[in-house]
1. From the list ALA98, ALA27, which residue is touching a Phe, Trp or Tyr at 6+ places or on another chain (Cβ under 9 Å) and crowded, with 21+ Cβ neighbours inside 10 Å?
2. If I filter the stretch 59-118 down to residues being at pLDDT 95 or above, among the small types (Gly, Ala, Ser) and within 16 Å of the chain's Cα centre (by Cα), which single residue comes out as nearest to VAL34 (Cα to Cα)?
3. Quick check on my filter: what residues within the stretch 124-146 are over 18 Å from GLY6 (Cα atoms), without any contact (Cβ under 8 Å) to a residue 60 or more places away in the chain and not in a helix (DSSP H, G or I)?
4. In the stretch 130-146, what residues are surrounded by fewer than 24 Cβ atoms within 10 Å (Cβ to Cβ) and out of contact with any helix residue (DSSP H, G or I) (no Cβ under 7 Å at 6 or more places or on another chain)?
5. With the requirement that a residue be hydrophobic (A, V, I, L, M, F, W, C), touching a helix residue (DSSP H, G or I) at 6+ places or on another chain (Cβ under 6 Å), in contact (Cβ under 8 Å) with a residue 40 or more places away in the chain and not in a helix (DSSP H, G or I), what does the stretch 198-254 give you?
6. Within the stretch 147-154, identify whether any single residue is in contact with a Leu (Cβ under 9 Å, 6 or more places away or on another chain), basic (Lys, Arg), outside any strand (DSSP E or B) and surrounded by 15 or more Cβ atoms within 10 Å (Cβ to Cβ), and answer yes or no.
7. Does ARG86 qualify as being touching a Phe, Trp or Tyr at 6+ places or on another chain (Cβ under 7 Å), of a type outside the set (Ser, Thr, Tyr) and surrounded by fewer than 22 Cβ atoms within 10 Å (Cβ to Cβ)?
8. Take the residues of the stretch 212-239 that are hydrophobic (A, V, I, L, M, F, W, C) and more than 21 Å from the chain's Cα centre (by Cα): which is nearest to SER146 (Cα to Cα)?
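The values are calculated or read from the model by the stated rules, or taken from the named source; none is laboratory data. None of these values were measured; they are calculated from a predicted model. A quick note on method: Cβ atoms are made from the backbone with ideal geometry, for glycine too, and the neighbour counts reach across all protein chains shown.
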Amino acid sequence: MGMLTGKIAVVTGASRGIGRGIALRLARDGAFVVVHYGRRRHEAEGVVSEIQQHGGAAVAIGADLSTIDGIHQLYSELDIALRELRGDYRFDILVNNAGIGQILTMEEATVDSFDEVMNMNVKGPFFVTQRALPRLRDGGRIINISSFVTRVASPSVFTYSMSKGAIDVFTRALAEELGNRSITVNAIQPGIINTEMNAGTLQHQDGQQYAAGLSTFNRWGEPEDIADIAAFLASNDSRWVTGQCIDASGGSRL
């Protein structure tokens with residue numbers, strides 16, 4: 001029996017990268033996983049297949065979380081799927097992972113680029129969580145994916161950094177709000193992880209040296225490094241931890 005047997009987890013942006021890693025790990029620990037995707041249906045279905053091949057259970061649901069209509073679509077499909085597959089629309093774990101990276105300085109930013117990153121990285125998680133609260137069981141878990149750029153000044157990703165700063169504040173305020181329901185709320189702050197979002201950095205030797213050199217371990221991170229922390233935060237072992245932003249950058253810029 002896995003630590004999460006009988007639990008239902010919703011992981012946003014789970015078709016690739018960190019989200020995929022978290023979905024696979026939570027399923028391995030026994031959770032039934034809802035693999036949310038934005039546009040990459042084929043990849044999301046691949047994650048579901050991989051989970052099923054290892055004896056787990058999962059379903060893929062697509063929705064654009066940068067719009068309120070898309071968030072409404074997510075929950076209308078989710079309610080139907082969970083009632084059909086599990087007999088109840090409620091769930092236990094929400095992982096707010098869906099987001100976009102954006103390499104733009106303050107000078108390069110436009111109103112459109114600002115709105116794009118804020119809609120996806122701030123408005124999305126806020127309203128996904130707002131809609132989740134009546135569906136989330138008491139004693140549940142909310143895990144937000146932030147970034148080490150909230151600690152390490154990174155002007156090359158200016159608006160992105162601001163968006164993740166909002167997630168850190170959201171995490172603490174929500175933890176206080178939900179304490180009376182025994183729901184923990186924590187954030188993970190990855191450094192540079194080997195995902196498609198960072199492919200531009202990691203495809204060149206200079207970028208590889210930069211990424212590895214940030215960490216005291218002299219390597220960049222892998223999705224599994226983050227997924228294992230998420231597994232702890234999703235489990236009963238983390239019951240006394242809430243409102244925390246956990247640096248997961250391999251000791252970058254200590």
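1. Details: ALA27 fails: touching a Phe, Trp or Tyr at 6+ places or on another chain (Cβ under 9 Å).
Going through ALA98, ALA27 in turn, the sole match is ALA98.
2. The residue in question is ALA60.
3. LEU133, PRO134, ASN144
4. Taking the stretch 130-146 and keeping what is surrounded by fewer than 24 Cβ atoms within 10 Å (Cβ to Cβ), we get 130-139.
Residues satisfying the conditions are GLN130, ALA132, LEU133, PRO134, ARG135, LEU136, ARG137, GLY139.
5. Selection gives CYS245, ALA248.
6. Filtering the stretch 147-154 for residues in contact with a Leu (Cβ under 9 Å, 6 or more places away or on another chain) gives 148, 152.
Next, only the ones that are basic (Lys, Arg) stay: none.
No - not one qualifying residue is present in the stretch 147-154.
7. Numbers: touching a Phe, Trp or Tyr at 6+ places or on another chain (Cβ under 7 Å): yes; of a type outside the set (Ser, Thr, Tyr): yes; surrounded by fewer than 22 Cβ atoms within 10 Å (Cβ to Cβ): yes.
Taking the combined requirement at face value, the residue satisfies it.
8. Kept after step one, since they are hydrophobic (A, V, I, L, M, F, W, C), are these residues of the stretch 212-239: 212, 214, 217, 220, 226-227, 229-234.
Keeping just the survivors that are more than 21 Å from the chain's Cα centre (by Cα) gives 212, 214, 217.
On the way: ALA212: 20, LEU214: 18, PHE217: 21 Å.
Among those residues, the one meeting the criterion is LEU214.
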